[in-house]
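Written below as structure tokens is the structure these notes are about.
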Amino acid sequence: MTQGALLSYVRNAWYVAAWSGDLPAGKPFAMSILGEALVLYRGESGRLVALEDRCVHRLAPLSLGRCEGERLRCMYHGLLYEPDGRVAAIPGEPRVPARARVRPFPVVDRHDWVWVWMGAPDAADETLIPPVVGLSDPDWVLGHGQMDYAAEARLICDNLCDFSHLSYVHANSFGASETWAQTRPRVLELPRGTRFERWIVGEPRMRARGQGRADVWSWYEFLVPGILLMSSAAYPEGTAAASNGGPPPPELPGQGITFTSQAVTPMSAKSARYFFSWGPRRDQGDAALRDTLMALAHQAFSEDRTMIEAQQRVIDRTPDYRILPTSADQGVILYNRLVEKLAGQEGAQLDAVSR
């Protein structure tokens, strides 16, 4: 972990910039990712566009501009931009300089999120968009939300790669037992992420919802550049032992099956936006249950934010700080090593090109 670590983030990846519904046609939207200010808009045809959020003339933000068909007009002095970032027209000027252009970014609308590729445009690969369960998926009843953190995004990623904190940070919201802190998940390396699997045996509240105890099975994948995909379900006591610590038998139906998709987007060195959805599988819940879960999520993620922002303040006032890893940090370490490796490969490629 390093302070102000924007350089240690992977750039050749798809970052969540917004919910699809937050970008209606004809309305520019401002967002910063990895310290770069962007303007996103949907043209008259529905085409998504992402550009640098600065006019080439006097650096006014294009996010204060006006959509005109597929184009975007700067509302300071009227320069008109094409979706590829070229200036199409300058009021009162007979010609447009060839250098009059801003950087365009590959952008995709998928799974009800707007994704922006922050790396080399010719490397943009849509197959690398994580398999999120979107809000419009007919098999799930999902609510959604977001919140901003005054903290480095990597601190949120660390939090999501180590659920031992549930026993303490979320004792009042999720009602997590001490088992989450006392036991360790199975952690698996993935090509672009880390997978976690675990049983919580005899859990009294989280999935049993106050109706006795249950063995809770959960798995989640934490994928570059900061996407969490997680499902969990409750089973009768004894199921974990019968499964020898592995996944529950596929023929055994679980109860309270839910899914959450979450995304951590670094906006600047010490600010991040956290997107999340959660809800039951359609055959196991309804909108009322979804709303109950979302109320819990807002409470729990506010608890996380309080802790992580306080953690950031301690880091800021502690020069040359050191951390003391525990066995619960296995997933954190594996994920951070992967990020450092991928970011290092990108840096080496840039060095090779510049020679």
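The values are calculated or read from the model by the stated rules, or taken from the named source; none is laboratory data. What you are looking at is a predicted structure, and each value in this text was computed from that prediction instead of being measured. Every residue, glycine among them, receives a Cβ derived from its backbone with ideal geometry; neighbour counts consider all protein chains shown. Note: accessible area is taken over every heavy atom of the protein model, side chains too, but ligands, DNA and RNA are not part of it. Shrake-Rupley method; radii C 1.70, N 1.55, O 1.52, S 1.80 Å.
Hey, can you tell me all the residues within segment 11-36 that are out of contact with any helix residue (DSSP H, G or I) (no Cβ under 8 Å at 6 or more places or on another chain) and either open to solvent by less than 30 Å² (accessible area, probe 1.4 Å) or in a strand (DSSP E or B) (or both)?
Passing the criteria: TYR15, VAL16, ALA17, ALA18, TRP19, SER20, LEU23, ALA25, MET31, SER32, ILE33, GLU36.
From the list ALA176, ALA171, ALA234, which residue is within 30 Å of LEU338 (Cα to Cα) and at pLDDT below 95? Steps first, please.
Details: ALA171 fails: within 30 Å of LEU338 (Cα to Cα); ALA234 fails: within 30 Å of LEU338 (Cα to Cα).
Going through ALA176, ALA171, ALA234 in turn, just one is within 30 Å of LEU338 (Cα to Cα) and at pLDDT below 95: ALA176.
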Conditions (1) under 16 Å from PHE275 (Cβ atoms); (2) in contact with a helix residue (DSSP H, G or I) (Cβ under 6 Å, 6 or more places away or on another chain); (3) surrounded by fewer than 19 Cβ atoms within 10 Å (Cβ to Cβ); (4) not charged (D, E, K, R); number of the one not met by ALA150: (1)
Selection count where residues are open to solvent by 50 Å² or more (accessible area, probe 1.4 Å) and touching a helix residue (DSSP H, G or I) at 6+ places or on another chain (Cβ under 7 Å), scope segment 298-310: 1
Test for LEU64: is it surrounded by 17 or more Cβ atoms within 10 Å (Cβ to Cβ) and under 30 Å from GLY134 (Cα atoms): no
Some residue of segment 284-294 being closer than 30 Å to GLU152 by Cβ, among the hydrophobic types (A, V, I, L, M, F, W, C), outside any helix (DSSP H, G or I) and in contact with a Gly (Cβ under 7 Å, 6 or more places away or on another chain): no
Matching residues in segment 311-340 - criterion: being of a type outside the set (A, V, I, L, M), assigned to a helix (DSSP H, G or I) and surrounded by 11 or more Cβ atoms within 10 Å (Cβ to Cβ): GLN311, GLN312, ARG313, ASP316, ASP329, GLN330, GLY331, TYR335, ASN336, ARG337, GLU340
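So if I check each of ARG42, ARG103, ARG54, which one is surrounded by 17 or more Cβ atoms within 10 Å (Cβ to Cβ), within 20 Å of SER268 (Cα to Cα), under 28 Å from the mean Cα position of the chain (by Cα) and basic (Lys, Arg)?
Of the residues listed, the single one that is surrounded by 17 or more Cβ atoms within 10 Å (Cβ to Cβ), within 20 Å of SER268 (Cα to Cα), under 28 Å from the mean Cα position of the chain (by Cα) and basic (Lys, Arg) is ARG54.
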Test: residue in segment 203-223 that is open to solvent by less than 30 Å² (accessible area, probe 1.4 Å) and in contact (Cβ under 8 Å) with a residue 60 or more places away in the chain: yes
Boolean, ARG313 is out of contact with any Lys or Arg (no Cβ under 7 Å at 6 or more places or on another chain) and at pLDDT below 95: no
Residue satisfying condition, being in contact with a Gly (Cβ under 7 Å, 6 or more places away or on another chain) and open to solvent by 10 Å² or more (accessible area, probe 1.4 Å), within set LEU128, LEU135, LEU142: LEU142
